[in-house]
Amino acid sequence: MTVQDTPAPGTLAGLDMARAKSTPKPTTKPARRLPVQRDWPTWALVATQIGILVAAVGLWEAAATFGWIDAFFWSQPSAIAKTTGIFFTTGDAWTDISFTFRSTILGFVIGTSAGSLLGLSFWWSRNYAAIVQPYVICLESIPKLALAPLIILVFGIGLVSKVAVATALTLVVSTLTAYAAVKALDPDGEKLFYSLGASRLQVFRKLVVPFSLPWIISVLRVNIGLALTGAIVGEFIASQHGLGRAILYAGQTYDIALVWVAVLVLSTLAIIMYAGVSWLESLLRKGVRQ
């Protein structure tokens, strides 16, 4: 703009230019950075976990040695380690582990399979579902652990009764989960299948079952814990073998070190079974996606 083009101070253009010069320019604030949390490498996490465990065990041993806690009621790691060697060399460790493992797995498989099939069967008839559903809900409301003594009396103190208790705890959960999947099925999808000429069995195989599988898979990890709980409770009541029986026997004889050994072995077994079911769940989910 030349000198001739400069507006006079008294004109509107001159006032606008003066106002523009006098108005301060807005200062741009720097963009706020979101906090970034860095994940530790795996070796650091494992080292920290091991360090915490070693510190806790060392503190426990020191507290029992110096009399800070009563070693009779709390035992101590050195006594637990000695009892562990005796338990696995001269005791019935492997028999008890095998007994608890078999009853848990059998109860898990039977309860999950039977419950899922029962829940899926409700799709075939609304009248059938309306008749059976109240009984399932009633069974769910009854504490299954309270029925364990009755189950033991009916099936005896062997493996069958422990499987029955584990099955009772997993059956209802699988049934209600599968039935919830059936009720969530889109009716328009069914109409589409029927309009394309599909039979009722084809709709069930091609639509209902694939749709319900993610729901059924999601309950696997819950059921393995329930099955283990049922097996242990059954062993508490009456049993010839099992880790639950070992814990009960050790508690009655005030062998606290043996109680800790059985609890640690049971925890290890639970972790192994939970990891196995988690692997099975991921494998099934991949198959469902494909």
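What to note about this one:
- Helix axis angle, 93-121 relative to the chain longest principal axis, alpha carbon, degrees: 60
- Projected label distance in nm at L153 and T90, using a 7 Å step from Cα toward the beta-carbon: 4.0
- Candidates A184, A79, A148: whichever shows maximal mean-square fluctuation once the chain is modelled as a Gaussian network with Cα springs under 10 Å: A184
- Tilt relative to the chain, helix 243-252 - C-alpha long axis, 0 to 90 degrees, to 10: 70
- Prolate/oblate/rounded label for the chain (Cα gyration tensor, a/c 1.5): oblate
- Surrounding net charge for Q240, when Lys and Arg each add one and Asp and Glu each subtract one, Cβ distance under 12 Å: -1
- Choice from L153, L226, L196 showing the highest fluctuation, given a GNM over the chain with Cα pairs closer than 10 Å: L196
- Summing charges over neighbours of F99, with a neighbour being any other residue whose Cβ is under 14 Å away from its Cβ, gives 0 when K and R count +1 and D and E count -1.
- Rounded tilt (10° steps) of 77-89 against the dominant C-alpha axis of the chain: 60
- Computed per residue of the chain from DSSP H runs no shorter than four, each worth -39500 (n - 2.57), the mean residue ellipticity at 222 nm is -24500 deg cm²/dmol.
- Calculated FRET efficiency, I69 to A275, Cβ-Cβ distance, R0 = 45 Å: about 0.85 to the nearest 0.05.
- In terms of packing, defined here as the mean over residues of other Cβ atoms within 10 angstrom, the peptides 106-113, 261-268 line up highest first as 106-113, 261-268.
- Highest-MSF residue in the chain out of A181, A81, A44 [GNM, Cα springs under 10 Å]: A44
- Between Y128 and Q37, residue separation times 0.36 nm minus the direct Cα-Cα distance comes to 27.4 nm.
- The protection proxy used here, the mean number of other Cβ atoms lying within 10 Å of each residue, ranks peptides 241-251, 212-222 as follows, highest first: 241-251, 212-222.
- Zone of Y194's modelled label, taken as backbone nitrogen in region 124-156 under 15 Å from a point 7 Å along Cα→Cβ: 124-127
No lab work stands behind these numbers, since they all come straight from the coordinates. Everything quoted here is computed from the prediction, not taken from an experiment. So basically every Cβ, Gly included, is an ideal-geometry build from the backbone, and we count neighbours across all protein chains shown.
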